[in-house]
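Trainee: My structure is below; once you've seen it, I'll send some questions.
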Amino acid sequence: MEAHDGISAKLVQEAGFRGVWASGLTTSAALGLRDSNEASWTQVLDVLEYMADATTLPILVDGDTGHGNFNNVRRFVRKLCERGIAGVCIEDKLFPKTNSFIGEAQPLADVDEFCGRIKAGKDSQTDDDFVLVARVEALISGQGMEEALRRAEAYHRAGADAILIHSKKSDAAEIFEFTERWANRAPVVIVPTMYYATPTDLFRQAGISTIIWANHLMRSSIAAMRETAARIHEDQSLVRVEGSVATVKDIFRIVGNAELEEAERRYLPARPAVSAVVLAASGGELAGLAAGQPKCMADIRGQSLLARLVGTLRESGVRNVSVVRGAHKEAVALQGVRMVDNDRHASTGEAWSLASARDAIRGETVVAYGDVLFRRYILDSLLTSRADVVVAVDTLGATQSRPGQRDLVVADRRFSGDYLDDSPATLRRIAQDIAPDEICGEWMGLARFSARGAEWLREEIAALEAEGLLEGADLPALLTRLAAKHPVRVKYFTGHWLDVDTLTDLAEARNFT
Ligand code: SPV
Ligand code: MG
């Protein structure tokens, strides 16, 4: 059965066939090319490699004329064997070939020269089971039965394992005449594209070894693709096609996603799930946004700020994301995240919002402001830290003057300026009013807690609550209190993040990749 790429080879196997015909016509067509050796032989080889990877069935390759003379056939056969291809069929025509159903009286190769191609191919196979099928075009080119038999005999003597006798007649009379006179001196292969109405049993009775259904997966997919494209174009909708196309799940099944999941369980380190709490409750409205649109829902090139932030978290393997929303909560939405409401957002601060999601602060946890964007490596670097609590600090923040409230950081050690220097720095405090000579950087609104760190964080929330301070505290105050009791590691970065406070920030965020 014909196939022309990896997925069609899989479908051939799924249907129960015992072999694949890698058709020259359809492999070319799949590339948008003519069946005239427009794809180079190495490009064909690349497609064959995908097909061989996709199926365990033997693949008989349509080798056209062998891509040149005996020398090209030698190299082609060696490369086919390297790729686990089961056999090749070469036809007795001239390079560059033309499809047999185009025109009349195509010139044939000199018999002796073609026998040289066959011998060279057989001498070059590195797999004993490799087969070389010699295709006789004498009937197609109008040279008659005697010439077809003469050529078949010569090719058989030259070492061909089988003879493909091709015909473009609409009935199989000349095929049966050939098989009768040939008397199975070598196995016979046929391609009944034009004499398709002949019952297959008659071919069996004639002792034919192999039938190639040469192009029907390509032709059926063209019909289906054309129909689907026209429907969607006409309807500007998917409604009418949804029921008749293969499901996305079907694609996953065919290409073997289940095996990948299995392999992931076997090979990926079993990392306990990391959670995240994103704080997006504060009003924080931005001039320029529609009234009632919270900042975290600002559009950044077709995605909300929140979606981008959660996307970065997910790329780093953070799965369970809780978003605390408050102001305009009905406008804060994102698939696949848990929404937690701080309905007292107007009179409470960040610590209260965090406390609203305290049940999510369990095991390894990331805490982030909902209006920040950062490059993924920053988060990855926090996630691989061995510290129980680690905060991301921008060392440039110390020197740049930006408007707005900034969470400034004092640590026991400044950034040394050496990017390879990872000797630890420990947090002393985070606040907005810090004397310029004390500032070591700006907190990016991103922190990671180990399971033990998360426990400390919960304890500190409880302590604030017990002291009646939870409502008014912000995250810098909470982290500063934590730092007084436990080591809080400072990880320095230089830029590659931003928080969206102003319209200028928003414009910058749109350029942030
Ligand atoms: C092919 O499938 O490319 C073939 C068979 O060679 S035919 O198109 O009938 O020549
Ligand atoms: Mg062909």
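What follows draws every value from the coordinates through simple rules; no lab data is involved. Predicted, not measured: the structure shown is a model, and the values here were computed from it. We place every Cβ from the backbone using ideal geometry, glycine too, and count neighbours over all the protein chains shown.
Trainee: Tell me, what HN-Hα J-couplings in whole Hz come from the Karplus equation 6.51 cos²θ - 1.76 cosθ + 1.60 at θ = phi - 60° for each residue of the range 108-125, using x for Gly and Pro?
Mentor: Running phi through 6.51 cos²θ - 1.76 cosθ + 1.60 with θ = phi - 60° gives 9, 6, 4, 4, 5, 4, 5, 4, x, 4, 5, 4, 4, x, 5, 5, 9, 5 Hz.
Trainee: Additional query: With a/c under 1.5 counting as rounded, go ahead and sort the range 249-509 into rounded, prolate or oblate using the C-alpha gyration tensor (a ≥ b ≥ c being the square roots of the eigenvalues; past the cut-off, prolate if a/b is larger than b/c, else oblate). The partial results should precede the final answer.
Mentor: Values: a/c = 1.40, a/b = 1.20, b/c = 1.17.
Verdict is rounded for the range 249-509.
Trainee: Lys93's amide H: which non-local residues (gap 5+, or another chain) put their own amide H closer than 5 Å, with H modeled 1.01 Å from N in plane and none for Pro or chain starts?
Mentor: Result for Lys93 returns Ala109.
Trainee: Give the long-range amide H neighbours of Ala425: residues separated by 5 or more places, or on another chain, with amide H under 5 Å away, using H modelled in the peptide plane at 1.01 Å from N.
Mentor: Val490
Trainee: Between Lys249 and Gln205, 0.36 nm times their residue separation minus their Cα-Cα distance comes to what? All intermediate terms of the calculation are to be shown ahead of the outcome.
Mentor: On the way: separation 44, 0.36 × 44 = 15.84 nm, distance 4.24 nm.
The Lys249-Gln205 span can extend by a further 11.6 nm.
Trainee: Quote the charge dipole size of the range 2-222 about the Cα centre in Debye, to the nearest 20; the model charges only the Cβ of Lys and Arg (+1) and of Asp and Glu (-1).
Mentor: Details: 23 positive and 31 negative charges, 26 e Å.
Dipole size: approximately 120 debye.
Trainee: Which of Leu457, Leu469, Ile439 sits farthest toward the positive end of the charge dipole of the range 437-476, with +1 on the Cβ of Lys and Arg and -1 on the Cβ of Asp and Glu?
Mentor: Leu457
Trainee: For the range 268-282, what does the Karplus curve 6.51 cos²θ - 1.76 cosθ + 1.60, with θ = phi - 60°, yield as ³J(HN,Hα) per residue in whole Hz, taken in order and with x for Gly and Pro?
Mentor: Working through the residues one at a time gives 7, x, 6, 9, x, 4, 9, 9, 9, 10, 10, 9, 9, 9, 6 Hz.
Trainee: Let me ask another. Name the shape class, rounded, prolate or oblate, that the alpha-carbon gyration tensor gives for the range 1-127, where a ≥ b ≥ c are the square roots of its eigenvalues, rounded holds for a/c under 1.5, and otherwise prolate holds if a/b is larger than b/c and oblate otherwise. Mind showing how you got there, number by number?
Mentor: Numbers: a/c = 1.95, a/b = 1.32, b/c = 1.48.
It comes out oblate by the Cα gyration axes.
Trainee: What percent do you get for the relative contact order of the chain when only Cα pairs under 8 Å and 6+ apart count?
Mentor: The normalised contact order for the chain reaches 10 percent.
Trainee: Let me ask another. State to the nearest 20 debye the size of the charge dipole of the chain about its Cα centre, where the only charges are +1 on K and R beta carbons and -1 on D and E beta carbons. Each step should come with its number before you reach the end.
Mentor: Working: 59 positive and 73 negative charges, 94 e Å.
The calculated dipole for the chain is roughly 460 debye.
Trainee: On the principal axes of its Cα set, how long, how wide and how thick is the chain? Give whole Å, largest value first.
Mentor: Principal-axis extents of the chain (Cα, largest first): 105, 52, 37 Å.
Trainee: Can you bin the range 2-222 into rounded, prolate or oblate? Criterion: square roots of the alpha carbon gyration tensor eigenvalues sorted a ≥ b ≥ c, rounded for a/c under 1.5, prolate for a/b above b/c, oblate for the rest. Show your work: numbers first, answer last.
Mentor: Details: a/c = 1.39, a/b = 1.15, b/c = 1.21.
Rounded, since a/c falls under 1.5.
Trainee: Also, I was wondering about something else. If we count every other residue with Cβ under 11 angstrom of Asp388's Cβ, Lys/Arg +1 and Asp/Glu -1, where does the sum land? The partial results should precede the final answer.
Mentor: Numbers: positive: Arg386, Arg448, Arg452, Arg489; negative: Glu364, Glu455.
Local net charge: +2.
Trainee: So which of Lys93/Lys119; Lys10/Lys93; Lys295/Lys491; Lys79/Lys119 end up more than 20 Å apart by C-alpha?
Mentor: Details: Lys93/Lys119 16 Å; Lys10/Lys93 31 Å; Lys295/Lys491 27 Å; Lys79/Lys119 16 Å.
From Lys93/Lys119; Lys10/Lys93; Lys295/Lys491; Lys79/Lys119, over 20 Å: Lys10/Lys93; Lys295/Lys491.
Trainee: What is the order of Trp443, Trp41, fewest Cβ neighbours within 10 Å to most?
Mentor: Trp41, Trp443
Trainee: Also: Which value at 222 nm does the chain reach when only helices count, each DSSP H run of 4 or more adding -39,500 (n - 2.57), with the total divided by all residues and rounded to the nearest 500 deg cm²/dmol?
Mentor: Details: 18 runs with 193 residues, N = 513.
Rounded to the nearest 500, the figure is -11500 deg cm²/dmol.
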